[in-house]
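Q: This is the structure I want to talk about, given as structure tokens.
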Amino acid sequence: MAKSSSKVRCAVIGLGMGWHHCKAFSECPEAEIVGLVDLNADQHNKVKEFAPNATFYTDYKEMLKQEKPDLVTIALPNFLHAKVAIDAMKAGANVLGEKPMALNTKEAIKMRDTAEKLGKKLGINLSYRFTPQARALKDMADQGFLGDPYHAFSKWTRLDGFPRFGGWFGQHEFSGGGPLIDLGVHRIDLALWLMGSPSPVTVSGMAHKQIGVPRAKKQKLKFDVEDFATGFVRFDNGASLVFEISWGNFQQKQEDMYTKVTGTKGALIHHNPGDGYDFNAEYVTEEAGHVVHGEISQTRGALRSSYAEMVHCIIDDRPFLASPEDGIHIQQILDGLYKSAKLGREVKV
Ligand SMILES: NC(=O)c1ccc[n+]([C@@H]2O[C@H](COP(=O)([O-])OP(=O)(O)OC[C@H]3O[C@@H](n4cnc5c(N)ncnc54)[C@H](O)[C@@H]3O)[C@@H](O)[C@H]2O)c1
């Protein structure tokens, strides 16, 4: 922490999703927002209430030079994640970067190596880990409920939930991919986390472009990424993962999220029973020859936001819950899926 302040001096770069970063820091007594950055000055107005004393910049490099923040959070389009994180760490800041970690594994490894070389903390905002349901499931997995986890199924599919055509989310050069790199990151992460973070070895999959590309073409707007991805992953410990991720396909619900990890003693499930972002944590096991299942109501209670947690990691000098290695494993699966889809065969990670 900077000597002049007892608080962790935070800066937020990118003020779309960054709105949530600003709100969370404003609710964290140990944090002080000193810098806000966006190319679009209108975005500043939306977050001013959370940080009336913070200086607004349109150039993040100037902000790093002037403010010398302890912590920088990055909520920029995906193609900027690696570059800005590395610049921020070189300027002396710790970094909490939005998911996905980067555009690809190569960039993600460069980020991790920079953090290690400079002795900076680098967290990835795999924010679903911070939901009480996911934490409760993780506690059960850590206590051995699953036995030996050997398979996971994970999905996040939408009936119709495309980002705006013509925007960066739907252009490969800026986003690195479609729903797989946008929504899939969260569900693949939950599966890997509950399985105990095995390393991916091979990936096989498909990336379909049946809906988004033709629709965007009709509107004469840019969109060149998949709208549906499905994959099969083998891990170093013999476990497997199957996933389905989409921004649009025929299904009953608007949002369908479901992650199930199966082990030798039981299964753990994280899903949205309704059509929104309310989650259930459930278990299935066997007792005295009978199948038993139910909802997990015990949680650790209120959790810190991922942003406040990062502030505390800096104060206590401990690692963030989602590490660069976690981000790299996910990125390897994404790279593998896109390569497999292109080549039409299973690929090594
Ligand atoms: N953890 C989550 O659940 C979650 C949720 C939503 C978005 N995200 C991630 O957050 C990131 C941002 O997504 P978003 O929805 O806010 O996108 P967005 O396009 O709405 O916002 C990005 C902002 O960055 C600004 N910007 C672009 N280039 C810039 C530059 N060079 N310097 C400064 N500002 C610049 C834009 O003006 C815009 O305000 C993405 O990587 C996305 O995947 C994560």
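Q: Taking the criterion of being under 19 Å from the mean Cα position of the chain (by Cα) and in a loop (DSSP other than H, G, I, E, B), would at least one residue in segment 292-304 satisfy it?
A: yes
Q: Please list, ordered by residue number, the strands (runs of 3 or more DSSP E) wholly in segment 186-272 having 3 or more residues that are among the hydroxyl-bearing types (Ser, Thr, Tyr).
A: Correct list: 255-263.
Q: If I filter segment 135-144 for residues that are in a helix (DSSP H, G or I) and under 30 Å from LYS218 (Cβ atoms), do I get at least one hit?
A: no
Q: Moving on to the next point. Run down TYR307, TYR277 and say which single residue is in contact (Cβ under 8 Å) with a residue 12 or more places away in the chain and surrounded by 15 or more Cβ atoms within 10 Å (Cβ to Cβ).
A: Going through TYR307, TYR277 in turn, the sole match is TYR307.
Q: So CYS10 clears everything in (1) farther than 24 Å from ASP182 by Cα; (2) without any contact (Cβ under 8 Å) to a residue 60 or more places away in the chain; (3) outside any helix (DSSP H, G or I) except one condition, right? Which one?
A: (2)
Q: Ok, one more. Looking only at strands (runs of 3 or more DSSP E) that fall completely inside segment 24-126, which ones have 1 or more residues that are among the small types (Gly, Ala, Ser) and within 12 Å of the ligand (Cβ to nearest atom)?
A: 31-37, 94-98, 122-125
Q: If I go through segment 69-111 residue by residue, how many of them are of a type in the set (Lys, Arg) and touching a strand residue (DSSP E or B) at 6+ places or on another chain (Cβ under 7 Å)?
A: 1
No lab work stands behind these numbers, since they all come straight from the coordinates. The structure presented is a predicted model; accordingly, all values stated were derived computationally and were not measured. A quick note on method: Cβ atoms are made from the backbone with ideal geometry, for glycine too, and the neighbour counts reach across all protein chains shown.
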